[in-house]
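To start, the structure under review is shown below, and the notes come after it.
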Amino acid sequence: MQIATQILEFSTEHPAQFTTTDKVHPLFEGVFKADLDARSVVESPKIYKALVATGGQSLIEIGAGNFLTENIYGDGKILYCAVSPDLEWSNFPLTGVFPAVIIRSIAYLASRPELSYNFEIGAGNEQIIIPKKFCTGGNFRIVDPNKNEFLRQAAMLPTGAVLSFEDMYLPGVYTIYNSNNTIVSLVSLNLKNSESNLKKLPEKQLIDSLNLRFKNPSTITFIKDLDNIFSSVSKTRTGTELWRFCLILAVLLAVAEMLVQRNFGKTEN
C-alpha cells in the first residue's frame, strides 16, 4: 500500500465524495440493503482533505483514490482511512457509515473471517471447529453478549478443537478467546424466524395453547367487533354510567317543583 505524500484538498462547494463501496465485504456484512450493484454508492460524507492510498483492497473509493483500504500482512490485517476523524477534514464522523466502520473494524481486525459463525438458537447444529493453528490447548474463554465470562473445554480432533453452543440461549454475539487471550472466533446466535411471525393464530389453536399453560382450562372470549373494544373496556372498568339518569331525574324534579310552586301560588290568591 502506498500513501500519498501530500494532503489533497477539495473546495467546500465541490467536496470529494464516495464513488464506490464494496458492500459485500465482510466488514459491511448486513449493514447495507442488498441490491443488484454490489459496489453502488452509499451515503457519502463531504470530504475537504484526504491523504489517499493506492494498492491493497479498496473498500471505499473517492475520485482521487482509496478512502478505506484493507491490506493483509501475514496473519494480520490493516485498515487505512484517508481522513482524520475530525470535522476539518470531512463530516465523516457525522454520517451513519462512521459508527458502522468503527464498530465493525474492531471485531473484524481482531478475528479471522473464516472463524465467524451464525446459528439459529435451538436449531441443534450449534458447533464450531477452531483450526489447530489457532488452538493453544483445549481450554477456551467465552464472553457472552452480557459480558459474562466462562471457561469451556473443547473436544480436540486432529483438525482442531470442537466447541458446542447447543446450551446457549441468549441471542447476540459471543467472543471466543484461546488460552493466550487471543480472539479466535465470533459466534452470532439469532432468534428463530418464528419469533417474528405475526400471523394470527386460529382461535382453536390459541385456546389449546393457552390451556396448556394454565392449570385450569381458561374461559376465553374473542371480540369480533373491533370497533367496540374501547367502549367495552371502558364500560367494564367504570361500570354503568349513571350521569344520564341523574340528569333526567334532575330535570323531572325541576319541572315538578315549578308545577308545585304554580299550584300553591293560585291557592294563596
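Compute the distance from the alpha-carbon center of region 40-98 to that of region 146-193, in whole Å.
That distance is 32 Å.
Calculate one ³J(HN,Hα) per residue across region 130-138 by plugging θ = phi - 60° into the Karplus curve 6.51 cos²θ - 1.76 cosθ + 1.60, and present them in order as whole Hz with x for glycine and proline.
Computed from phi, the couplings for region 130-138 are 9, x, 4, 5, 9, 8, 10, x, x Hz.
When the Cα atoms of region 118-169 are enclosed in a convex hull and the volume is divided per residue, what value in Å³ results?
It comes to 90 Å³ per residue, whole-number rounded.
Can you give the FRET efficiency to the nearest 0.05 for ARG152 and ALA110, using r as the Cβ-Cβ distance and R₀ = 25 Å?
Numbers: r = 19 Å, r/R0 = 0.77.
Computed FRET efficiency for ARG152 and ALA110: 0.80.
Under a point spin-label approximation (7 Å from Cα along Cα-to-Cβ), what is the TYR73-HIS14 distance to one decimal in nm?
3.7
In nm, to one decimal, how far is the THR54 label point from the ILE7 one, both placed 7 Å along Cα→Cβ?
Using points 7 Å along Cα→Cβ, the separation is 2.2 nm.
How much length is gained on full extension from LEU87 to LEU170, taking 0.36 nm per residue of separation minus their Cα-Cα distance? Each step should come with its number before you reach the end.
Working: separation 83, 0.36 × 83 = 29.88 nm, distance 3.92 nm.
Here the answer is 26.0 nm.
Of the listed pairs LYS147/LYS192; LYS23/LYS49; LYS23/LYS132; LYS49/LYS77; LYS77/LYS133, which have alpha-carbon separations greater than 27 Å here?
LYS23/LYS132
FYI, it's all coordinate maths here, none of it is from the lab. Everything quoted here is computed from the prediction, not taken from an experiment. Cβ atoms come from the backbone with ideal geometry, glycine included; neighbour counts cover every protein chain shown.
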